1. Please work out which residue is surrounded by the fewest Cβ atoms within 10 Å (Cβ to Cβ), limiting yourself to region 104-124 and to residues that are among the hydrophobic types (A, V, I, L, M, F, W, C) and in a loop (DSSP other than H, G, I, E, B).
2. Based on this model, can you work out whether LEU47 counts as hydrophobic (A, V, I, L, M, F, W, C), in contact (Cβ under 8 Å) with a residue 40 or more places away in the chain and assigned to a loop (DSSP other than H, G, I, E, B)?
3. Could you tell me which residue of region 126-145 is modelled with the lowest pLDDT, considering only residues that are over 18 Å from the mean Cα position of the chain (by Cα) and in a strand (DSSP E or B)?
4. For residues that are in a loop (DSSP other than H, G, I, E, B) and in contact with a helix residue (DSSP H, G or I) (Cβ under 8 Å, 6 or more places away or on another chain), scanning just region 78-100, find the one that is surrounded by the fewest Cβ atoms within 10 Å (Cβ to Cβ).
5. Taking LYS183 as the residue in question, decide whether it is among the charged types (D, E, K, R), at pLDDT 85 or above, surrounded by fewer than 19 Cβ atoms within 10 Å (Cβ to Cβ) and outside any strand (DSSP E or B).
6. Restricting attention to region 147-161, which residues are within 18 Å of the chain's Cα centre (by Cα) and not hydrophobic (A, V, I, L, M, F, W, C)?
7. What is the one condition in (1) touching a residue at least 12 places away in the same chain (Cβ under 8 Å); (2) touching a Gly at 6+ places or on another chain (Cβ under 8 Å) that VAL110 does not satisfy?
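The values are calculated or read from the model by the stated rules, or taken from the named source; none is laboratory data. Bear in mind the structure is a predicted one, so any value in this text is a computation, not a measurement. In this analysis, Cβ positions are derived from the backbone assuming ideal geometry, glycine residues included, and neighbour counts consider all displayed protein chains.
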Amino acid sequence: MRSPATILLAASSLAVGAALAGPAMSTPTRAETGASSNVQASYMFVLTGPSATMAPVAGTTGTYTFTMPITSTSQPVIWFTVRPSRMTGTFPISQFAGLWTLSGNSSFAVDPPNVAITNTKNGVINTFVASMSSTVLTTSGSSATPVLQATMTALQGSSLTTVKKSKTSFLKRYAATTSSTPKTKQGPTTVFVERSVCATGNCVPVPLS
C-alpha cells in the first residue's frame, strides 16, 4: 500500500502537470464536488514560492510571521482531495486567501488549517509543521512585490502528536521530522495546507456561486 506521502507527491505532480498543460481549471460546480453529501472531505492545497521568511512574533513562543513572494494575485494554487470524490484543480491565490474571510464554521479563520512548510537551503531540506492563520495578500519593499503573508504557530504537544498518529493525515510524514525552530530565511518553498471541510450539505473546497 502506498504511503500518504507517496499519494501526496503523485497527486501534486499530476496537478502541476495539468496546470502547466493548460489554463487553470474553473471552480467546480456543486454537482462535480458532490456538495449534496454530508460526508467529510479532506482537501490539500499546495502553494509554492521562490523564497520565504519566518520572523518571530515578539512576545510569543513558536509563532512566526510567514512571508512568501508570489508572481501575482492570480498565481494558481493546486488543490486536490482523496476522499470521497478524488478531485483536483487550481484556483487563484487571491481566492485561497479569501478562505480566511468566510463567515460561519467553513471559515479558515474559525478553524485554522494545519500546514507543512518545506524548503531547501544549501542543499538541506527543512520542514516546519504549524497552524496557519491571518492569511492575507499584501506587498513588500519599495518595489511593492506581491506576497502571501500569514501567521504560523508551531504544532506542539497533543496537537503535534495527533498528526503524528493520524492514519489519514498527509502531514503525518512531515510531523515526524518537523523542526521546532524554522529557518528565518528560506530558499525555494512549498506549503502543503491540509483541511477537512464540511458544512451541512456543502462539502466544498472553495466557495461556489
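1. Filtering first and then ranking leaves VAL110.
2. no
3. SER140
4. Result: SER85.
5. Here the answer is no, as LYS183 does not meet what is asked.
6. GLN149, THR151, THR153, SER159 - these are the residues of region 147-161 that are within 18 Å of the chain's Cα centre (by Cα) and not hydrophobic (A, V, I, L, M, F, W, C).
7. If we test VAL110 against (1) touching a residue at least 12 places away in the same chain (Cβ under 8 Å); (2) touching a Gly at 6+ places or on another chain (Cβ under 8 Å), just (1) comes out false.
So that you can scan it fast, the table gives a plain yes or no per residue for (1) closer than 20 Å to GLY187 by Cβ; (2) in contact with a strand residue (DSSP E or B) (Cβ under 7 Å, 6 or more places away or on another chain):
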residue	(1), (2)
THR71	yes, no
THR81	no, yes
VAL110	no, no
SER131	no, yes
SER134	no, yes
